[in-house]
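Novice: Below are the structure tokens for one structure; questions will follow.
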Amino acid sequence: MSSLEIKNFGIIGWPVGHSLSPHMHNAAFKSAGFINYNYTLFPVRAGKLFFAVEGIKGLDFRGVNVTIPHKSTIIKYLDAVDSDAMVIGAVNTVVNDGGILTGYNTDVAGFLAALKEADFLPEDCHAVVLGAGGAARAILWGLCKRRAEYITIGARNQQKAEALAKDFLNYGNVEGFDWLSDDFNDIIKTADILINTTPLGMFPNVDDMPPINLKLLPEGALIYDIVYNPVETKLLKTAKELGFLTLSGLSMLLLQGKESYRLFTGEEPNMRVMTKTVRKLLGLK
């Protein structure tokens, strides 16, 4: 793409005011010399999504990111959906090629890339996933793609955990449990990694954390929280105090953004610039 072309991008959702994506992408565009590229917030209420999608075509936007509550609903308005997003049932990136809209889910790539940076190989591991909502689906698919040996879902609602596990039974050995049950507590004693996909501990409710007895986990287990604000949640802080390795959601945020940028532009972003921008916004050095 020429640096002189005018290209517009954005993020659609409700609400979107908290999103770091405009800062992250605009900084990377500027660093790459894309002086006429602009990434903007687009608050879109439920029920108005169809018109927003038509607007993407009408205004010739190159691409948009998609967040709550539209990640699943938007699929029916797209011309094509990639295989990852189809399995997950959610799209977080849409690319416009001459009026043809294709949906992708970059959370999978971001999640797996963050594990790779942490030198954790999910192949043949026992993974425990906390939560049975939309965020858990991308994590589960990433684990299944990398052939995790056994995946345990723990959630507040056992029926939701079991239903989610059933959705992925064709791809891996997945079971769902009430995270307060004795069965769940017995099973996590062999976990290699525990991943929190719930919003518990997210700003402003920083004193919350999933009701998990971390002391039951074996020595050497990795505790991964996909929440990125705060970067060190109460879950991660507690895990560190117990001597566990930890991984924050900041890596996944940046690496899924990297994949979206690549889909938008066909080029790799300056990750140093993206990282510096996000860390500054989060009050980190």
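Novice: Restricting attention to strands (runs of 3 or more DSSP E) lying wholly within segment 148-206, give those where 2 or more residues are β-branched (Val, Ile, Thr).
Specialist: Qualifying strands (runs of 3 or more DSSP E): 150-155, 193-196.
Novice: Collect the residues in segment 63-79 that are surrounded by fewer than 20 Cβ atoms within 10 Å (Cβ to Cβ) and touching a Phe, Trp or Tyr at 6+ places or on another chain (Cβ under 7 Å), keeping them in residue-number order.
Specialist: If the condition is that a residue be surrounded by fewer than 20 Cβ atoms within 10 Å (Cβ to Cβ) and touching a Phe, Trp or Tyr at 6+ places or on another chain (Cβ under 7 Å), then PRO69, TYR77 are the ones that fit.
Novice: So is SER260 of a type in the set (Gly, Ala, Ser) and farther than 23 Å from THR152 by Cα or not?
Specialist: yes
Novice: Can you tell which of THR277, THR197, THR233 is among the polar types (S, T, N, Q) and either more than 22 Å from the chain's Cα centre (by Cα) or under 19 Å from LYS116 (Cβ atoms) (or both)?
Specialist: Among THR277, THR197, THR233, only THR197 is among the polar types (S, T, N, Q) and either more than 22 Å from the chain's Cα centre (by Cα) or under 19 Å from LYS116 (Cβ atoms) (or both).
Novice: So which residues in segment 188-227 are among the aromatic types (Phe, Trp, Tyr) and over 27 Å from GLN256 (Cα atoms)?
Specialist: Those that are among the aromatic types (Phe, Trp, Tyr) and over 27 Å from GLN256 (Cα atoms): none in segment 188-227.
Novice: Which condition number in (1) farther than 20 Å from THR275 by Cα; (2) of a type in the set (A, V, I, L, M); (3) outside any strand (DSSP E or B) is the one that VAL94 fails?
Specialist: Evaluating VAL94 over (1) farther than 20 Å from THR275 by Cα; (2) of a type in the set (A, V, I, L, M); (3) outside any strand (DSSP E or B) leaves (3) as the failure.
Novice: Please tell me if LEU255 is assigned to a helix (DSSP H, G or I), more than 22 Å from ASN92 (Cβ to Cβ), touching a Gly at 6+ places or on another chain (Cβ under 8 Å) and among the hydrophobic types (A, V, I, L, M, F, W, C).
Specialist: Taking the combined requirement at face value, the residue does not satisfy it.
Novice: Select from segment 176-194 the residues that are over 17 Å from LYS215 (Cβ atoms) and surrounded by 18 or more Cβ atoms within 10 Å (Cβ to Cβ) and write down the one among them that is nearest to the chain's Cα centre (by Cα).
Specialist: GLY176
Novice: Taking the stated definitions as given, is VAL53 crowded, with 17+ Cβ neighbours inside 10 Å, at pLDDT 95 or above and part of a helix (DSSP H, G or I)?
Specialist: Answer is yes for this residue.
Novice: Looking at segment 16-27, is at least one residue part of a loop (DSSP other than H, G, I, E, B), of a type outside the set (Asp, Glu) and in contact with a Pro (Cβ under 9 Å, 6 or more places away or on another chain)?
Specialist: Yes, segment 16-27 has at least one match.
Novice: Within the set of pairs 6+ apart or on separate chains, which have a first residue in segment 32-43 that is closer than 17 Å to ASN270 by Cα, a second that is of a type in the set (Gly, Ala, Ser), and C-beta atoms under 7 Å apart?
Specialist: GLY33/SER3; PHE34/SER3; ILE35/SER3; TYR39/GLY10; TYR39/SER21
Novice: Turning to a different aspect of this structure: Scan segment 224-233 and give yes if some residue there is at pLDDT 95 or above, crowded, with 22+ Cβ neighbours inside 10 Å, outside any loop (DSSP other than H, G, I, E, B) and touching a Phe, Trp or Tyr at 6+ places or on another chain (Cβ under 7 Å), otherwise no.
Specialist: Taking every residue of segment 224-233 in turn, none turns out to be at pLDDT 95 or above, crowded, with 22+ Cβ neighbours inside 10 Å, outside any loop (DSSP other than H, G, I, E, B) and touching a Phe, Trp or Tyr at 6+ places or on another chain (Cβ under 7 Å).
Novice: Any residue at all in segment 192-200 that's charged (D, E, K, R), without any contact (Cβ under 8 Å) to a residue 40 or more places away in the chain, farther than 25 Å from ALA90 by Cα and outside the structural domain of VAL91 (by TED's automatic domain parsing)?
Specialist: no
Novice: Can you give me the number of residues within segment 162-178 that are of a type in the set (A, V, I, L, M) and touching an Asp or Glu at 6+ places or on another chain (Cβ under 7 Å)?
Specialist: Adding up the residues that qualify gives 1.
Novice: Hey, another quick one. If we scan segment 45-55, do we find a residue that is closer than 19 Å to TRP14 by Cα, assigned by TED's automatic domain parsing to the domain that holds SER260 and in contact with a Gly (Cβ under 9 Å, 6 or more places away or on another chain)?
Specialist: No; the residues of segment 45-55 include none that is closer than 19 Å to TRP14 by Cα, assigned by TED's automatic domain parsing to the domain that holds SER260 and in contact with a Gly (Cβ under 9 Å, 6 or more places away or on another chain).
Novice: Sort out which residues of segment 94-134 are polar (S, T, N, Q) and out of contact with any Gly (no Cβ under 7 Å at 6 or more places or on another chain), and write them in order of number.
Specialist: THR102, ASN105, THR106
Novice: Would you be able to say whether some residue in segment 59-67 is small (Gly, Ala, Ser) and under 16 Å from TYR261 (Cα atoms)?
Specialist: yes
Novice: Kindly establish whether GLU123 is closer than 15 Å to MET252 by Cβ, in contact (Cβ under 8 Å) with a residue 24 or more places away in the chain and of a type in the set (Asp, Glu).
Specialist: It is false that GLU123 is closer than 15 Å to MET252 by Cβ, in contact (Cβ under 8 Å) with a residue 24 or more places away in the chain and of a type in the set (Asp, Glu).
The values are calculated or read from the model by the stated rules, or taken from the named source; none is laboratory data. As the structure is a prediction and not an experimental result, all values here were calculated from the model. Here Cβ is always computed from backbone atoms with ideal geometry, including for glycine, and neighbour counts include all displayed protein chains.
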